[in-house]
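The values are calculated or read from the model by the stated rules, or taken from the named source; none is laboratory data. None of the values given here were measured: they were computed from a predicted structure. Because the Cβ atoms are built from the backbone with ideal geometry, glycine has one as well, and the counts that use them run over all protein chains shown.
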Amino acid sequence: MKVVDKKNLYHKSNLEIDQIFGFKDYALDLPDYPSDIFYTDGLTSAEALYSDYQDLLQIHTFLEEKKIKSFCDLGAGIGRAKILFDSLKSSFQSYSLEFVQQRHEEGKRVHKENQLSHEEGFIQCNLLTDPIPKCECYFIYLPVGEVLIKTMEKIKNLTLEEKCLIIAIESHGDLLSYLEKTHRHLSLRDRIPLSAKRHTEFIHIYEYQPKDNPSPLESDIFNHLDNRTNKDQPLRINFSEELSFWELWKKLRKRDEFQVLVEDQNGQWLADLKDSQFGIQPSTLETQYPQRIIPLSEIKAFVRAPLSWQELIRKRRNKEDGPLGEIRKLIVFPSPQVEFSRGQKRELETAWDWELFTTLGV
Ligand SMILES: C[S@@+](CC[C@H](N)C(=O)[O-])C[C@H]1O[C@@H](n2cnc3c(N)ncnc32)[C@H](O)[C@@H]1O
């Protein structure tokens, strides 16, 4: 087995260390996988796609100092972290989870050629659908999106009642704020200066203990939703703080029946939760129907609209083109109106009556 001396790796470039391990040059610039659910947003060069060895060396020192027993790189690329850690004869077990076959296979090949142990830690899987191993520490260098949201759900379910560490490297400028704003009981434990040029200057290390998650208020709301059979009943869900908003958003956006109630200087209107995303600008929600970036300060509640509004909501989602264009805003105050893509508004006969609504939350 090839064991590398850590001292000899400091100050070496990524290329030099890749050559020590025997990565093939082409493997470092493997093209992105051609599907929009995967990592397809331009990070094609090895510099951007894979972590810097000098940063991985710092992480290694941290993990050894903290006597961590298991580490998992979630979306591991060519497995630089596992290969490095195994070659340093670490006292912890490393997992390398990657979807793209070429990346996974190149990592496995290099691992094998270096005669490193724990080959079983190389797992080709899809973080969207496959389980992840239970570990004491997870490493995340991913953009905010469905893969991250699902992955965090998995960590949460595995870690309930226990603690784990999450090591995060900022990828597109919104990862750290997403983690901090949407996960209760995630507390910053350490920051290590980064060698690689990234959106922030530090590797962030969080402690995560999702024990009391969700809050009692959120549990009440979900119990209520789960026990209700009447999905036609108009519903208004209020929230008091940003963390609650994101906790509710993570669950409600999947149910296909909720809108957010937005209030700005012109009145109140509905934006669809379906296909909405964590906004890259701080404290914003990016909606698709209509396409807007909405500051959270303008979002007053989640609502399930009355049945009489469902047809309009459906047409807006389907982007149906009428004489005035597609539906943009569904306005509820000062009077029910539809705003179309060509700018005109039309009054609606369908009333919006808050008295018909059940209200949950504060
Ligand atoms: C930015 S790279 C980080 C690689 C590695 N963690 C590192 O720091 O060197 C993110 C990796 O996640 C992988 N990935 C994206 N979506 C995935 C999914 N659904 N399942 C497994 N891996 C995925 C990508 O293919 C890519 O190799």
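Given the condition in contact with a strand residue (DSSP E or B) (Cβ under 6 Å, 6 or more places away or on another chain) and within 10 Å of the ligand (Cβ to nearest atom), answer yes or no: does some residue in the stretch 85-97 qualify? Yes, the conditions are met somewhere in the stretch 85-97. Only residues that are out of contact with any Leu (no Cβ under 6 Å at 6 or more places or on another chain) and among the aromatic types (F, W, Y) were counted in the stretch 318-343, giving 1.
The sole residue among P290, P336 that is surrounded by 12 or more Cβ atoms within 10 Å (Cβ to Cβ), over 23 Å from L225 (Cα atoms) and under 26 Å from the mean Cα position of the chain (by Cα) is P290. With respect to the conditions (1) modelled with pLDDT under 85; (2) surrounded by 14 or more Cβ atoms within 10 Å (Cβ to Cβ); (3) of a type in the set (D, E, K, R), E207 falls short on a single one, namely (1).
Scanning for something of a type outside the set (G, A, S), surrounded by fewer than 14 Cβ atoms within 10 Å (Cβ to Cβ) and over 24 Å from the mean Cα position of the chain (by Cα), does the stretch 237-253 turn up at least one residue? No, because not a single residue in the stretch 237-253 is of a type outside the set (G, A, S), surrounded by fewer than 14 Cβ atoms within 10 Å (Cβ to Cβ) and over 24 Å from the mean Cα position of the chain (by Cα). Residues in the stretch 236-283 that are of a type in the set (A, V, I, L, M, F, W, C), assigned to a loop (DSSP other than H, G, I, E, B) and closer than 14 Å to E180 by Cα: how many? So the answer is 1.
In the stretch 14-76, counting only helices (runs of 4 or more DSSP H) that sit wholly within it, the ones holding 3 or more residues that are more than 11 Å from the ligand (Cβ to nearest atom) and at pLDDT below 95 span 14-21, 25-28.
Among the residues of the stretch 256-265, those identified as touching a Lys or Arg at 6+ places or on another chain (Cβ under 9 Å) and surrounded by fewer than 20 Cβ atoms within 10 Å (Cβ to Cβ) are D256, E257, E263. Pairs are defined by a Cβ separation below 6 Å, a sequence spacing of at least 6 or placement on different chains, a first member in the stretch 74-87 that is on the phi > 0 side of the Ramachandran plot, and a second member that is more than 7 Å from the ligand (Cβ to nearest atom); the pairs so defined are G79/S96; G79/G107.
Restricting attention to the stretch 340-354, the residues that are farther than 17 Å from S308 by Cα and either under 33 Å from the mean Cα position of the chain (by Cα) or of a type in the set (A, V, I, L, M) (or both) total 2.
Looking across S276, S308, S297, S283, one residue alone is among the small types (G, A, S) and surrounded by 18 or more Cβ atoms within 10 Å (Cβ to Cβ). It is S276. Filtering E263, E355, E339 for residues that are at pLDDT below 95 and among the acidic types (D, E) leaves a single hit, E355. The residue that is farthest from L175 (Cα to Cα), among those in the stretch 267-310 that are free of Cβ contacts under 8 Å to residues at least 12 places away in the same chain and not charged (D, E, K, R), is Q310. Just to be sure before I move on: is Q101 without any contact (Cβ under 8 Å) to a residue 24 or more places away in the chain and either over 21 Å from K2 (Cα atoms) or of a type outside the set (K, R) (or both) in the structure I sent? Here the answer is yes, as Q101 does meet what is asked. Listed by first and then second residue, the pairs linking a residue in the stretch 228-251 that is under 15 Å from T358 (Cβ atoms) to a residue that is in a strand (DSSP E or B) and modelled with pLDDT under 85, with Cβ atoms under 6 Å apart and 6 or more places separating them unless they lie on different chains, form an empty list.
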